[in-house]
Amino acid sequence: MKYVSVRTHHDLGAVIRQARKEQGLTLTQVSGLSGIGVRFLSELERGKSTIQLGKALEVIELLGLKLQVSGLDSDDA
């Protein structure tokens, strides 16, 4: 499994775009599968900073990506 460091909303958008393209999917196809509008998906991939987190997480899951957060000690949780 490949891990990619995501530090900005632009990084996240790029990872999502890459995963979609690697799967041979268009924005329209992802929209149809997810029920999320093409405009939102396009803005997500471009790294718009005001996207809705819930919808972004739906797209991440749909594309088979796994989002992990690291850097917290178990005592900090």
Review point. Taking into account only those residues within segment 52-62 that are in a helix (DSSP H, G or I) and of a type outside the set (Gly, Ala, Ser), which is surrounded by the fewest Cβ atoms within 10 Å (Cβ to Cβ)?
Key: Leu53
Check your understanding: Is at least one residue of segment 34-47 out of contact with any Gly (no Cβ under 6 Å at 6 or more places or on another chain), in contact (Cβ under 8 Å) with a residue 24 or more places away in the chain and exposed (fewer than 13 other Cβ atoms within 10 Å of the Cβ)?
Key -> no
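Going by the conditions given, is Leu67 within 9 Å of the chain's Cα centre (by Cα), surrounded by fewer than 12 Cβ atoms within 10 Å (Cβ to Cβ) and not in a helix (DSSP H, G or I)?
Answer is yes for this residue.
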Exercise for review: For segment 1-21, name all the residues that are part of a helix (DSSP H, G or I) and more than 12 Å from Leu65 (Cα to Cα).
Suggested key: His9, His10, Asp11, Gly13, Ala14, Lys21
Point to revise | Selection count, segment 29-51, where residues are modelled with pLDDT of 95 or more and in a loop (DSSP other than H, G, I, E, B) | key: 6
Check your understanding: In segment 17-24, is there at least one residue being under 9 Å from the mean Cα position of the chain (by Cα) and at pLDDT 95 or above?
Key -> yes
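The values are calculated or read from the model by the stated rules, or taken from the named source; none is laboratory data. This is a predicted model, so every value here is computed, not measured. Every residue, glycine among them, receives a Cβ derived from its backbone with ideal geometry; neighbour counts consider all protein chains shown.
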